[in-house]
1. Checking the condition closer than 29 Å to K122 by Cα, among the small types (G, A, S) and without any contact (Cβ under 8 Å) to a residue 60 or more places away in the chain, which residue from G22, G16 passes?
2. Determine which member of the set I37, I66 is under 19 Å from V100 (Cβ atoms), surrounded by 16 or more Cβ atoms within 10 Å (Cβ to Cβ) and either in contact (Cβ under 8 Å) with a residue 40 or more places away in the chain or not small (G, A, S) (or both).
3. Pick from region 48-63 the residues that are exposed (fewer than 12 other Cβ atoms within 10 Å of the Cβ) and among the aliphatic types (A, V, I, L, M): which of them is farthest from V114 (Cα to Cα)?
4. Take region 12-37 and flag every residue that is part of a helix (DSSP H, G or I), aromatic (F, W, Y) and touching a Lys or Arg at 6+ places or on another chain (Cβ under 8 Å).
5. Which of the residues belonging to region 16-37 are more than 25 Å from V114 (Cβ to Cβ) and over 14 Å from the mean Cα position of the chain (by Cα)?
6. If you take the residues of region 69-127 that are loosely packed, with under 11 Cβ neighbours inside 10 Å and among the polar types (S, T, N, Q), which of them is nearest to W41 (Cα to Cα)?
Amino acid sequence: MKKRIPFIFGFVLLTGIEVIIGIFFRDGFIRNYLGDIIIEWVIYCFVRIIVPDKLNSYILASGIMIFSFAVEFMQKIHIVDILGINNVFLRILIGTSFSVKDIYCYIAGTVTEVIFIFLYNKKAVRI
């Protein structure tokens, strides 16, 4: 449980930031780009809560990025329409519009994750 605490804290904090972005920012850099970068971190923290050290951190970060790509490409084929999803919350959660810029944001989010993981591991080795 002790290893999960930082990830629980990170998940709650970052999810709160995502909600604030969703409520208060309608357009611009923060809504369109920063939110997509942060969502990579949210998903990473969530998975780490469930499996704190069973997966290699770098592989996990890469897997989350691939998952994000898959979701983005499902948006391109309008998966919510194909599946007939009319629930507003689910449509927002899955997304309804494809953008190549989102792919770049997922890459940026993953790169910052990997840098943080590297720095954290480097610090942990010294202790």
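Coordinate-derived values only; no laboratory data. As the structure is a prediction and not an experimental result, all values here were calculated from the model. Cβ: placed from backbone, ideal geometry, glycine included. Neighbour counts: every protein chain shown.
1. G16
2. Of the residues listed, the single one that is under 19 Å from V100 (Cβ atoms), surrounded by 16 or more Cβ atoms within 10 Å (Cβ to Cβ) and either in contact (Cβ under 8 Å) with a residue 40 or more places away in the chain or not small (G, A, S) (or both) is I37.
3. Ranking the candidates gives I50 first.
4. Within region 12-37, just Y33 meets the criteria.
5. Within region 16-37, I20, G22, I23, F24, F25, R26, D27, G28 meet the criteria.
6. That would be S97.
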